[in-house]
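Reviewing the structure listed below.
Please treat every number below as a calculation from the coordinates, not as lab data. Since the structure is predicted, the reported quantities are computational estimates derived from the model, not experimental observations. So basically every Cβ, Gly included, is an ideal-geometry build from the backbone, and we count neighbours across all protein chains shown.
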Amino acid sequence: MTRRKIQGIYLLFWIGAGILLATIAANQLFASGVVDYQILYGYLQRGWQNTGEKRLGSIFWILLVRMAETVMVEMLCRSRMRRLWVGLLLLWIGCGAGFSLVLMTWYNGAYGLVVFLLSNFPHQLFYGLSWGILIIRHFSGYEARERRFWGVVLALLLFGILAEIHINPLFLLHICL
């Protein structure tokens, strides 16, 4: 196996492990009644509605969080312990995906899978590509022209933010709610 394939498997392993861990933990929390999934889903719906109404606070929050996440990915990738940090970061991303999948299926039943897919499309594709480029660049040692490289990363991040603010609410408010 080539080095890149091994690195790709390593990265996918941590995402998969996070999804698995969060799925098990969330099901336990919801089934035992420790966490009320209906209240959590209500928070999600309010966030979607605020974004759909283009409330300034919601849009500012999306901008702030996505920029901070990108800076964090870059900082973790630059550290000497990048294999550990990137593994933990991907584990955390997988946990977020697994938890939201369980939350949406508990609230909506089998239709929750559709809600999960629509709530993560298309903005997560752009974010994933943006952060994936950062991670792959640091893992592979790929040298790129700084301006072009950061231009691509920021363009993908901007497309993700615009999709999350404009396209995602259309899906969620008109199809899912």
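Observations on the structure shown:
- Under 18 Å from the residue 13 label point (7 Å along Cα→beta-carbon), backbone N, the range 129-166: 136, 139-140
- Simple spin-label estimate for residue 65 and residue 21 gives 2.1 nm between the two label positions (7 Å along the Cα-to-Cβ direction from each Cα).
- Relative exposure of 133, 6, judged by other C-beta atoms within 10 Å (fewest first): 6, 133
- You can think of it this way: the chain between residue 174 and residue 53 has 42.3 nm of extra reach, that is 0.36 nm per residue less the Cα-Cα gap.
- Rounded FRET efficiency, nearest 0.05, which uses the C-beta distance separating residue 28 from residue 150 and R0 of 41 Å: 0.45
- Each of 156, 95, 140 was placed along the dipole of the range 72-177 (beta-carbon charges, centred on the mean Cα), and the one lying farthest toward the positive end is 140.
- Degrees, to the nearest 10: 123-140 long Cα axis against longest axis of the chain: 30
- Exposure proxy order (Cβ contacts within 10 Å, fewest to most) of 106, 150: 150, 106
- Over the chain, Cα pairs under 8 Å with separation of 6+ residues give a relative contact order of 33 percent.
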